[in-house]
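The values are calculated or read from the model by the stated rules, or taken from the named source; none is laboratory data. These figures come from a predicted structure and were not determined experimentally. Please note: Cβ atoms are built from the backbone with ideal geometry, for glycine as well, and neighbour counts cover all protein chains shown.
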Amino acid sequence: VSAYLLYFRGTPALVQLMLLYFGLAEIGLYRFPDLSILGITVSGVFQAGVLGLGLNEGAYMTEIVRSGIISIDQGQSDAAKAIGMTFRQSMRYIILPQAFKVIVPPLGNEFNNMMKSTTLVVVIGGVELFNAFEQVNAVQFKPFELFLAVSVYYLALTLLWGWVQAAIERRIGDAKATYRAGFFERLLGGMRT
């Protein structure tokens, strides 16, 4: 686990994607073939992109969860043990419910970063929004308008996720919600007539 965390947190996601897709094929270890699942073709590039970004984000999220768990006072575990709870019971009923409030905001922020990191898949040949707009730009020759559209799209995704994250944080009762204090309600309220 430590080597996994060290590698995936200590190297750029771009390099990880390149090594995963091109490096494994180069040394003959694994090539990502296109797969057909229920009549839907899933490209090897897509598989490598999902695996690479998943491994990268998993390392960061592991640290977030670990930090949330160790932020809970040791006395909580000791008290659970004193009343006869097993480790599993104390984690389920005592530690994790408290840690959840600490874990959710940074997990949401990391998810937001991951959404924007999908643009990196273009280096291994993946077609995602940024790459698709580059292809359109090769024909239209209107880079400003196209990249502005990409920016607006990612901004819309980020705002939508911010709203979802704020709702989740309110639901779990986090007083330190990132997007709290009615920002989205005021924004949307100002649009109503």
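Odds and ends about this structure:
- Out of Gln89, Gln165, Gln135, sole residue that is part of a helix (DSSP H, G or I) and at pLDDT below 90: Gln135
- Qualifying residue in the range 132-141 (condition: out of contact with any strand residue (DSSP E or B) (no Cβ under 6 Å at 6 or more places or on another chain) and within 18 Å of Tyr21 (Cα to Cα)): no
- Counted residues, the range 1-60 - those being of a type in the set (S, T, N, Q) and exposed (fewer than 14 other Cβ atoms within 10 Å of the Cβ): 4
- Residue in the range 17-37 that is within 19 Å of Phe111 (Cβ to Cβ) and over 16 Å from the mean Cα position of the chain (by Cα) present: no
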